[in-house]
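Peer 1: Provided herewith is a single structure, encoded as structure tokens, for subsequent inquiry.
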Amino acid sequence: MTTEELLEVADGLYAEPLGAFTGARDAAAKAAGDKELAARVKALKKPSVAAWAVNLLVRRESAQIDQVLTLGASLRAAAESMAGDELRTLTRQRRQLTNALAETTRELAREHDVRLTTAVLDQVEGVLTAAMLDPVAAQVVRSGLLLTAFTPTGISEIDVEVVCAVPEALGPDVAHRARATEREAPSLRLVPEDDRVRREAAQDAVEEATRGVEEAREELAHVESNVKNLHARRLQLQGEIDELRRRLAGLEEDVDAVDEDLEDAEAAQEEAAAALHEAEAELASARQALADLPGG
């Protein structure tokens with residue numbers, strides 16, 4: 001088994017829809033010709049929802065991920081040089097970028113019928129922020145093999161064995177899977193804090209709020225439709241209950257009538273039984289009288 005073979009299988013598995021991961025992994029393990037490879041594939045863990053979302057983002061929006069990590073390298077350089085104004089500007093850009101990427105992640109997840117909660121989106125933003133602060137975290141994110149979310153620390157304290165499905169993906173022998181975080185990239189143009197920038201930021205906020213309102217309206221319409229359907233269903237069931245109650249009342253009246261007839265019939269039965277008993281006694285007496293006659 002080679003690292004490249006394992007990475008090829010893992011890369012395909014962690015690109016699968018979240019619900020299909022376990023079945024795809026088990027099938028890949030059975031299909032592996034090498035026992036060691038099969039064991040490593042079988043041991044691959046299913047990613048958390050947040051980790052799966054980040055992996056999806058890395059595969060679908062690699063250019064934006066590169067922009068995030070490039071900005072992260074600039075942030076670290078600014079922090080080391082204590083360039084306060086530059087650092088504040090980059091930090092604001094980092095927040096805007098991670099917020100935008102979180103929203104992109106939400107939309108990508110919806111394409112797979114997965115609705116990301118606010119808590120999960122916060123985890124996604126946390127991972128992206130960590131990748132900007134920590135070069136090791138950046139390599140983990142770039143690998144597309146994230147297992148679980150982690151928070152930013154600013155120093156390399158990440159347990160790669162825990163957060164990355166194939167830690168070898170970060171080694172120098174597989175540089176094609178984990179590119180150097182500090183690679184040279186187009187320099188960022190710092191945007192001065194003028195009225196235009198503030199207006200653009202305000203416009204972004206309005207657009208984001210508008211999307212929120214539209215999503216809330218769609219959700220309200222969905223819920224209202226559900227309420228309407230449930231009201232209609234309740235009325236239907238209530239009608240069926242009322243009909244059953246009417247039928248039950250009619251049956252109870254029938255039972256009362258039958259009870260009265262039964263009472264009369266039982267009284268007649270008793271009278272008929274008494275008459276039979278009396279007739280049998282008279283018959284017995286007549287037979288005895290016949291037998292007592294001479295020559296009888």
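Peer 1: Of the residues in the range 58-86, how many are among the polar types (S, T, N, Q), under 15 Å from Met132 (Cα atoms) and at pLDDT below 80?
Peer 2: Matching residues across the range 58-86 total 1.
Peer 1: What is the number of the single condition among (1) modelled with pLDDT of 90 or more; (2) surrounded by fewer than 10 Cβ atoms within 10 Å (Cβ to Cβ) that Leu237 does not meet?
Peer 2: Exception for Leu237: condition (2).
Peer 1: Filter the range 97-144 down to residues that are part of a loop (DSSP other than H, G, I, E, B) and without any contact (Cβ under 8 Å) to a residue 12 or more places away in the chain and give me whichever is nearest to the chain's Cα centre (by Cα).
Peer 2: Pass one, the range 97-144, residues part of a loop (DSSP other than H, G, I, E, B): 112-117, 134, 144.
Okay, now just the ones that are also without any contact (Cβ under 8 Å) to a residue 12 or more places away in the chain, so 113, 115, 117.
Values: Asp113: 9, Arg115: 7, Thr117: 9 Å.
The qualifying residue nearest to the chain's Cα centre (by Cα) is Arg115.
Peer 1: Here's a follow-up. How many residues does the range 109-135 contain that are surrounded by 17 or more Cβ atoms within 10 Å (Cβ to Cβ) and under 14 Å from Ala51 (Cβ atoms)?
Peer 2: Count: 13.
Peer 1: Now for a different question. Which members of the range 84-96 meet the condition of being touching a residue at least 40 places away in the same chain (Cβ under 8 Å) and surrounded by 15 or more Cβ atoms within 10 Å (Cβ to Cβ)?
Peer 2: Residues of the range 84-96 that are touching a residue at least 40 places away in the same chain (Cβ under 8 Å), as a first pass: 86, 89-90, 93, 96.
Glu86, Thr89, Leu90, Gln93, listed by residue number.
Peer 1: If you don't mind, another one. Out of Val255, Val174, Val213, Val227, which single residue is at pLDDT below 90 and farther than 28 Å from Thr104 by Cα?
Peer 2: Val174
Results for (1) modelled with pLDDT of 85 or more; (2) in contact with a Gly (Cβ under 8 Å, 6 or more places away or on another chain), shown as yes or no for each residue.
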position	(1), (2)
Arg88	no, no
Leu116	yes, no
Gly126	yes, no
Asp134	yes, yes
Val140	yes, no
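Let's see how each residue does on (1) in contact with an Asp or Glu (Cβ under 7 Å, 6 or more places away or on another chain); (2) of a type in the set (A, V, I, L, M, F, W, C); (3) on the phi < 0 side of the Ramachandran plot; (4) crowded, with 19+ Cβ neighbours inside 10 Å:
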position	(1), (2), (3), (4)
Phe21	no, yes, yes, no
Gly33	no, no, yes, no
Ala39	no, yes, yes, no
Ala51	no, yes, yes, yes
Leu56	no, yes, yes, yes
Glu61	no, no, yes, no
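The values are calculated or read from the model by the stated rules, or taken from the named source; none is laboratory data. Computed from a predicted structure; not experimentally measured. Neighbour counts are summed over all protein chains in view; Cβ atoms, including those assigned to glycine, are modelled from backbone coordinates with ideal geometry.
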